[in-house]
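Asker: The structure follows.
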Amino acid sequence: MAIQIPRGTQDILPGEVEKWQFIENTAKEICRIYQYKEIRTPIFEHTELFQKGVGDTTDIVQKEMYNFEDRGGRSLTLRPEGTASVVRSFTENKMFGHPNQPVKLFYNGPMFRYERPQAGRFRQFVQFGAEVLGSEDPAIDAEVISLAMELYRRVGLKHLKLVINSLGDKESRISHRNALIDYFKPRINEFCSDCQNRLEKNPLRILDCKKDKDHELMKSAPSILDYLSCESKKYFDEVLVYLDELEIDYEVDPTLVRGLDYYNHTAFEIMSNAEGFGAITTLCGGGRYNGLVQDMGGPETPGIGFALSIERLIAALKAENIVLPFEKQVDCYIVALGDQAKHKAMVLLQQLRKSNFSAEKDYLDRKMKAQFKAADRINARFVAILGEDELQKEIVLLKDMESGKQTEIVINDFVEQFKTLCK
Ligand code: HAM
């Protein structure tokens, strides 16, 4: 049997890949406008980076990482997310010392998680993400959220819901943690073994458990918002004021905890509420991680960011029946008949391409009719015909495929004339 693609991965074929290019180019353009610079980090890192960064008690680290040992006996991991790598690179490259602060970065690349594949959940997926390091201004929280929203707006998504919460500072988290332990402890044996382990180690993770999400205790578990310190509350309120000013709608959801350990203060997710969107509705997730740079051995530096997968964005486009406006037309197809014409066609093709026109010709020695069909299939705007007659007269017959109009053009003037006709 022929070898098949691994589970949870996909080939992105021509026809579909144009959507990806459109989305990725749009994202890059928005980053240019918002002044976020691209960073590219390795696809694998030392396993320890994610254990420390994402957190030992998270599902990602415990169950979902692709770990392997290299020939030198080092434990490496295919990156499950981008934040830990960005923070490592920020620290390693001493970006905290750069004159331009805060450091505003974006990335776009494949991530790997050994998850149960289903619609919208892959084992290899592409995350576009942005991270800001070095600012603790609530305005930057709003900027990061508005950047993500802007991408969704530009691709045409309308059915979106921004859900936001505050996980507070250390002080808030300690009192919330104690409240959670007191709350769950008497009935913890009704929960899964993971949650029983989480109780003392990281009770916040219980709120994020996929297995126990319907347990009755989940509904009225202590809310972090009741345990926020004055400072955390003030910070959160200011973020919300900025969102109001930027006219970004949101819903405060005190049960939103996120699946990674590094968060504090602002945490948010953008969901699709389009009818017909599958069970997984989260398109984008992010939040603030003020202690992470320090935990990774760097100086105390606040940080905030988000990541979203292109796969889920495309699924949301489908659910909203949105067709992206990418270019589907080829400028010119050259139909050539006879050996001499084939050679001349190759030269004209080269000239067109050098002038930035998308151009194509036949390479299968097809008859005239079949060449025209091929031109039709690739949606050629013009067809240039070059047969023995034309060669003799030193002309090209150019057919406008929209109007059907034909024009004779002197071969040597072809590209110049083509430029004027295309205007
Ligand atoms: P995350 O919530 O684990 O956060 O992932 C962010 C986004 O990645 C999700 O909202 C979803 O769009 C996409 N995603 C995650 N897993 C999969 C999957 N298996 N298949 C398809 N898409 C997936 C993070 O990764 C954080 N690093 C986000 C962040 C950046 N926080 C601060 N800065």
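Asker: Enter the angle in degrees (range 0 to 90, nearest 10) between the Cα long axis of helix 339-354 and the first principal axis of the Cα atoms of the chain, meaning the one along which they spread out most.
Answerer: So the helix axis and the longest Cα principal axis differ by about 40 degrees.
Asker: Under a 10 Å cutoff between Cα atoms, tell me which one of Phe44, Phe90, Phe372 has the largest fluctuation in the Gaussian network model of the chain.
Answerer: Answer for the Gaussian network model of the chain: Phe372.
Asker: Could you please put Lys211, Lys161 in sequence from largest to smallest accessible area, using a 1.4 Å probe?
Answerer: Reading off the accessible areas and sorting them downward yields Lys211, Lys161.
Asker: Angle between the Cα long axis of helix 138-155 and the longest principal axis of the chain, 0 to 90 degrees, nearest 10?
Answerer: With rounding to tens, the tilt is 40 degrees.
Asker: So what is log10(I(q)/I(0)) for the stretch 57-117 at q = 0.17, 0.28 1/Å, when the Debye sum runs over its Cα atoms only?
Answerer: -0.75, -1.18
Asker: To the nearest 500 deg cm²/dmol, what mean residue ellipticity at 222 nm is calculated for the chain from DSSP H runs of n ≥ 4 alone, each contributing -39,500 (n - 2.57), summed and divided by the residues?
Answerer: Taken over the chain, the calculation gives -11000 deg cm²/dmol.
Asker: What is the sum of charges around Leu397, taking Lys and Arg as +1, Asp and Glu as -1, for the other residues whose C-beta is under 10 Å from the C-beta of Leu397?
Answerer: Cβ neighbours under 10 Å give a net charge of -1.
Asker: Could you give the accessible area per residue of the chain, probe 1.4 Å, as a whole number in Å²?
Answerer: 52
Asker: Give me the percent of accessible area attributable to carbon and sulfur for the chain, probe 1.4 angstrom.
Answerer: 48
Asker: Taking the Cα centre of the stretch 330-422 as origin, sum charge times position over the Cβ atoms of Lys and Arg (+1) and Asp and Glu (-1), and report the length of that vector in debye to the nearest 20.
Answerer: Rounded to the nearest 20 debye, it is 320 debye.
Asker: Another question, if that's okay. Using a cut-off of 11 Å between beta-carbons, work out the net charge of the residues near Gly298 (Lys and Arg +1, Asp and Glu -1, Gly298 not included).
Answerer: Value of the local net charge: -1.
Asker: If I fit a long axis through the Cα atoms of helix 368-377 and take the longest principal axis of the Cα atoms of the chain, what angle between them do I get, 0 to 90°, rounded to 10?
Answerer: Rounded to the nearest ten degrees, it is 20.
Asker: Distance cut-off 19 Å, Cα to Cα: go down the list Lys161/Lys219; Lys328/Lys373; Lys354/Lys419; Lys170/Lys219 and report the pairs above it.
Answerer: Table pairs above 19 Å Cα-Cα are Lys161/Lys219; Lys170/Lys219.
Asker: Around Ile140, what is the net charge, scoring Lys/Arg as +1 and Asp/Glu as -1 over all other residues with Cβ under 10 Å from its Cβ?
Answerer: -2
The values are calculated or read from the model by the stated rules, or taken from the named source; none is laboratory data. No experiment lies behind these values; they were computed from the predicted model shown. Neighbour counts are summed over all protein chains in view; Cβ atoms, including those assigned to glycine, are modelled from backbone coordinates with ideal geometry. Accessible surface is based on the protein model in full, side chains and every heavy atom, while ligands, DNA and RNA are left aside. Shrake-Rupley method; radii C 1.70, N 1.55, O 1.52, S 1.80 Å.
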